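Shown next, in structure tokens, is the structure this report addresses.
The values are calculated or read from the model by the stated rules, or taken from the named source; none is laboratory data. What you see is a predicted model; the values in this text were computed from it and never measured. FYI the Cβ positions are ideal-geometry reconstructions off the backbone, even for glycines, and counts take in every protein chain you see. Each accessible area value is taken on the protein alone, full model and side chains, heavy atoms only, with ligands, DNA and RNA left out. Shrake-Rupley method; radii C 1.70, N 1.55, O 1.52, S 1.80 Å.
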Amino acid sequence: MTAPTFDRSIKIAPSILSADFANFGKECEAIEAEGCDWVHVDVMDGHFVPNITFGPATCKAIRPHIKGVMDVHLMIAPCDQYLPAFAEAGADVLTVHAEAGPHLDRSLQLIRDLGPKVGVALNPSTPAEAIEHVLDRLDLVCVMTVNPGFGGQSFIDMTAKVRRLREMIGDRPVHIEIDGGVTPATAPLVAAAGADVLVAGSAVFKGGSVSNPAPYGENIRAIRAAAEAAQG
Ligand code: DX5
Ligand code: ZN
């Protein structure tokens, strides 16, 4: 496990939802070699979201192929009974959705007790204020800029929500992560508003493959440069 150290520098987290599913290990190694910061792992259950990906066994299998931070985004409901398995699989950051159940505070406490960094994700329709009373339990807030379930969707502008969360977070060491539709064109909007972790699936993996990984690096650098210029 690689506990992420806290800072507000821009971190690029490719989502392996856009990788070759038959080659996860090599894909993770390729994106890290090409300069990504975190690896974002999207778990979908066909119930909370209308798509199915994989579960804790796959996370455990890819863990040895990731040197840095494994950032696991759970789009599952209910989630509590599965949290131990994802922690044991080696998640460094474990994120649940605020909308996944009635007892968010309990889920966050459970993750804290299990060891990973604690994340909460907000769907586009969920206000920042939904997590006002759990801010002290968090290491990361993930602002969804698409309705979760699929890669390659268009960015939904959540700039005002990011700005509001940045104010609410204040001096707390809590990352703001953006997930969905992040490209060199949209990254500056959210970086300027206060985001520091940028998840990008299609915009990182487009044009490349494990046998031709150079485009991954070019795509990562393009997103990072656009975001850093806007962050100031
Ligand atoms: C959406 C996932 C995202 C997604 C991002 O439900 O949580 O991580 O893969 O993909 P792009 O960057 O293609 O929008
Ligand atoms: Zn995600």
By the C-alpha gyration tensor axes a ≥ b ≥ c (rounded if a/c is under 1.5, else prolate when a/b exceeds b/c, else oblate), the shape of region 11-231 is oblate
Peptides 47-60, 19-32: what's the order by average Cβ count within 10 Å, highest mean first?
19-32, 47-60
The ³J(HN,Hα) series, computed from each phi in region 15-22 with the Karplus coefficients 6.51, -1.76 and 1.60 at θ = phi - 60°, rounded to the nearest Hz and given as x for glycine or proline, is 8, 6, 4, 9, 8, 6, 5, 8
Please report, ordered by residue number, every helix of the chain (full DSSP H runs) that is 20 Å or longer along its axis going by C-alpha atoms and whose mean Kyte-Doolittle hydropathy reaches -1.0.
214-231
Whole-number accessible area per residue in Å² for region 40-175, which is evaluated in the context of all protein chains at 1.4 Å:
42 Å²
Return the whole-Å distance between the Cα centroid of region 28-81 and the Cα centroid of region 185-216.
17 Å
Placing +1 on the Cβ of each Lys and Arg and -1 on the Cβ of each Asp and Glu in the chain, which of PRO124, LEU198, ALA77 has its Cα farthest towards the positive end of the resulting dipole?
LEU198
Charges on Cβ only, +1 for Lys and Arg, -1 for Asp and Glu, centred on the Cα centroid of region 11-231; of VAL96, PRO215, LEU108, which one is farthest towards the dipole's positive end?
PRO215
Stretched fully, the stretch from PHE150 through ASP20 gains (0.36 nm per residue minus C-alpha distance, one decimal, in nm) 45.3 nm
Taking R0 as 35 Å and r as the Cβ-Cβ distance between ALA230 and ASP80, the FRET efficiency 1/(1 + (r/R0)^6), rounded to the nearest 0.05, comes to 0.40
Round to a whole number: what % of the accessible area of the chain belongs to carbon and sulfur, probe 1.4 Å?
53 percent
Take ALA61 and HIS103, extend 7 Å from each Cα along the Cα→Cβ direction, and tell me the distance between the two endpoints in nm.
3.3 nm
Burial order of peptide ranges 147-159, 219-231, 194-206, 33-45 (average beta-carbon count within 10 Å, highest first)
194-206, 33-45, 219-231, 147-159
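Compute the length gained on full extension between VAL210 and SER125: take 0.36 nm times their separation in residues and subtract their Cα-Cα distance, giving the result in nm to one decimal.
27.0 nm
Multiply the residue gap between GLU132 and ASP7 by 0.36 nm, knock off their C-alpha separation, and tell me the result in nm, one decimal place.
Details: separation 125, 0.36 × 125 = 45.00 nm, distance 2.15 nm.
That works out to 42.9 nm of additional length.
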Which value, in debye to the nearest 20, gives the size of the charge dipole of region 33-133 about its Cα centre, when Lys and Arg are +1 and Asp and Glu are -1 at the Cβ?
320 debye
Placing +1 on each Lys and Arg Cβ and -1 on each Asp and Glu Cβ in the chain, then taking the dipole about the Cα centre, the residue among PHE86, GLY68, LEU135 whose Cα reaches farthest towards the positive end is GLY68
Using a basic spin-label model with each label point 7 Å from the Cα along Cα→Cβ, how many nm lie between ARG221 and GLU88?
4.3 nm
